[in-house]
Structures are given as C-alpha cells and as structure tokens.
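Please read the structure below before turning to the comments.
The values are calculated or read from the model by the stated rules, or taken from the named source; none is laboratory data. Since the structure is predicted, the reported quantities are computational estimates derived from the model, not experimental observations. Backbone-built Cβ (ideal geometry, glycine too); neighbour counts: all protein chains shown.
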Amino acid sequence: MPDIVTAVYENGILRPVQPLNLRERQTVRLQVLPDEPTDEMDLVLQALVAAGLITPPPGHSDVTPISDKERHRLARRLGQAPGKPLSEIIIEERGPW
C-alpha cells in the first residue's frame with residue numbers, strides 16, 4: 001500500500017519520524033520529496049489522495065486540533081449526557097449470545 005512518510009536525513013541515512021509497519025530487511029521503493037512542497041506538488045498530492053492512490057501523511061490535516069483543556073471540557077460534557085452509555089446500548093442491541 002503506498003504511503004507518504006516524513007523522514008530526516010542524517011549522516012547518509014534516512015530516519016523516519018514515525019515508526020513504519022515494515023518487516024526487518026524489507027525492501028521498499030522511495031521517492032524523495034522536499035518537506036516544503038511547491039504549489040504544483042501540493043496539487044499532485046491532493047489529486048493522488050482524492051483518487052485513493054495514496055494516504056495523507058500523518059500529522060498533515062486541514063483540521064485544527066483542539067487544546068487539552070477543550071478536549072477535557074468536551075469529555076466532561078459528554079459524560080454528563082442523559083441516557084445510557086453507548087456501550088450498554090450496543091450490548092442490548094446485540095441481544096442474547
């Protein structure tokens with residue numbers, strides 16, 4: 001499956017920033033692209049993602065992450081919602097084993 005991986009080049013070695021799901025000594029094909037994409041490269045990558053040929057790299061999203069404080073506030077608010085927890089509803093819908 002094609003994937004885009006961010007790596008750092010140090011002392012002649014490309015070191016991935018994130019762990020890779022590869023077997024030890026597995027051979028892979030690489031295409032080296034600068035981390036600062038050009039407008040043209042952005043368009044090409046967007047087209048490939050839209051076609052389902054590649055997945056966006058981890059950490060690259062148009063969604064702005066919320067702060068830890070806001071995430072905790074939302075979690076508390078959801079925890080106070082009336083009714084049964086979703087886990088209980090799912091168990092009831094499954095019926096008897």
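Numbers for the structure displayed
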item: For PRO56: the one exception among (1) part of a loop (DSSP other than H, G, I, E, B); (2) modelled with pLDDT of 80 or more; result: (2)
item: Of all residues in segment 82-97 being of a type outside the set (A, V, I, L, M, F, W, C) and outside any helix (DSSP H, G or I), the one that is farthest from the chain's Cα centre (by Cα); result: PRO96
item: Contacts under 8 angstrom Cβ, first residue in segment 2-28 being touching a residue at least 40 places away in the same chain (Cβ under 8 Å), partner among the hydrophobic types (A, V, I, L, M, F, W, C) and in a loop (DSSP other than H, G, I, E, B), 6 or more apart; result: PRO2/LEU53; PRO2/ILE54; ASP3/ILE54; ILE4/ILE54; VAL5/VAL17; VAL5/LEU20; THR6/VAL17; GLN18/VAL5
